[in-house]
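Heads up: the structure comes next, in structure tokens.
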Amino acid sequence: MKKPSLLFFSLWMAGSTALMAERPPQGPPPEERERRGGGERRGGGPRPEELAESPMDLGESGVAWYPRLEDGLAEAKRTNKPILFMAVASQCSGISGVF
Amino acid sequence: MIEATRQFVCIRIDSYESEEAQKIVRSYLNGRFENTAFCILSPDGKRRLTRSGRAPAHGLGRGDVARSLDKIAKKYRSESDTKNAGLPDFNSFRLALNVASAEERVLVLLAGGNEVVRKKLSEVAWSPNIIGRFEYDVESDPTTWTDALTKETGKTGILLVKADQFGQKGEVMAQLPLSASQQEIYTAMRQANANFAKTTEKKNYAQHMREGRRSGVTWKMPVEYGEDRDGDGKIDFRGGHGERPPRGRR
């Protein structure tokens, strides 16, 4: 079973649909930080190499996103709903098909 | 958690899809630019209701995220009727296909059609059992997608697409005419979603990255990858080769 901190990052990085988690980011363990050449933790969580699968089942209902700001703003104006805004890169190190 | 997000309009842009996207990110990150950003905004998009950061915990704090979202949403009397909600759409089919692959969802491509068809599809998109399970893209020019897809049976219609592993090609799972009824669209989408879930292997991210490197997969966005963590207006971290980003101000 994954450790809770790793599960959080799986939720976060594995697709921003599964972005909500109850534990804050904690970063890699000290020995991993050492291996990387320093104790300084990078912001934003672990690299995809450290992650496994998304905890969400395929086909399951997730966050319903508007991919364009203007469409989302129009909908927020229509409904008076607050906005949950994210910006993500839909690639990692030049490899597509992953956030 | 997902239910909590239904009280919000959820907007997710790609950080590198345009210079405009970068300006948007900078405006919400106090001038910084980072490859991921998160914040909650007022309905007019002008006021930040939380701190901004790279992850929900940065903006919402270290407690129960769903509860934090509920607390924010309760301050607004909002319209919950999704009947007139707009259909989500990407700025390009190329990006739509890649995001569908990354998100591990079926992509619904509306090829051709008019506002009537768009509204018809939108009502299905926001209905229970469909909401949050698909990505959507609207294209009027078939040359934007015909080269990337196989098994299509015409250049107009509602196409249900399974993106490949790296989101650069796709296969049409089903194609409906623009005249299809809402019930027909709903049934086809439910079926496609079930088939997708049954026949698709969930991505393992570490394995995906290894296979991508081995296969020489490349992906270029309109804006080159980089971050400006100190917010001085200049990209100061381009990643790769073991580079470490400078720590920026929050």
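The values are calculated or read from the model by the stated rules, or taken from the named source; none is laboratory data. Note that the structure is predicted; figures quoted are calculated from it, not measured. Neighbour counts run over all protein chains shown; Cβ positions are idealised from the backbone, glycine included. Accessible surface is based on the protein model in full, side chains and every heavy atom, while ligands, DNA and RNA are left aside. Shrake-Rupley method; radii C 1.70, N 1.55, O 1.52, S 1.80 Å.
Miscellaneous remarks
- Residue count for segment B:63-116, restricted to those that are assigned to a helix (DSSP H, G or I) and not polar (S, T, N, Q): 19
- Scope segment B:7-29; condition over 12 Å from the mean Cα position of the chain (by Cα), under 25 Å from B:K71 (Cα atoms) and either free of Cβ contacts under 8 Å to residues at least 24 places away in the same chain or at the interface with another protein chain (Cβ under 7 Å from one of its Cβ atoms) (or both); matching residues: B:Q7, B:F8, B:V9, B:V25, B:S27, B:Y28
- Some residue of segment B:75-89 being under 23 Å from A:S90 (Cα atoms), open to solvent by less than 20 Å² (accessible area, probe 1.4 Å) and of a type outside the set (A, V, I, L, M): yes
- Residue match in segment B:131-141 (condition: within 11 Å of chain A (Cβ to nearest Cβ), of a type in the set (D, E, K, R) and open to solvent by less than 40 Å² (accessible area, probe 1.4 Å)): yes
- Within segment A:67-93, being out of contact with any strand residue (DSSP E or B) (no Cβ under 8 Å at 6 or more places or on another chain), open to solvent by 20 Å² or more (accessible area, probe 1.4 Å) and either in a loop (DSSP other than H, G, I, E, B) or not charged (D, E, K, R) (or both) holds for A:A74, A:N80, A:Q91, A:S93.
- Residue list for segment B:115-130, restricted to those being in contact (Cβ under 8 Å) with a residue 60 or more places away in the chain, within 11 Å of chain A (Cβ to nearest Cβ) and open to solvent by less than 40 Å² (accessible area, probe 1.4 Å): B:I130
- Only one of the numbered conditions (1) open to solvent by less than 30 Å² (accessible area, probe 1.4 Å); (2) assigned to a loop (DSSP other than H, G, I, E, B); (3) touching a residue at least 24 places away in the same chain (Cβ under 8 Å); (4) at the interface with chain A (Cβ under 7 Å from one of its Cβ atoms) is not met by B:G45, and that is (3).
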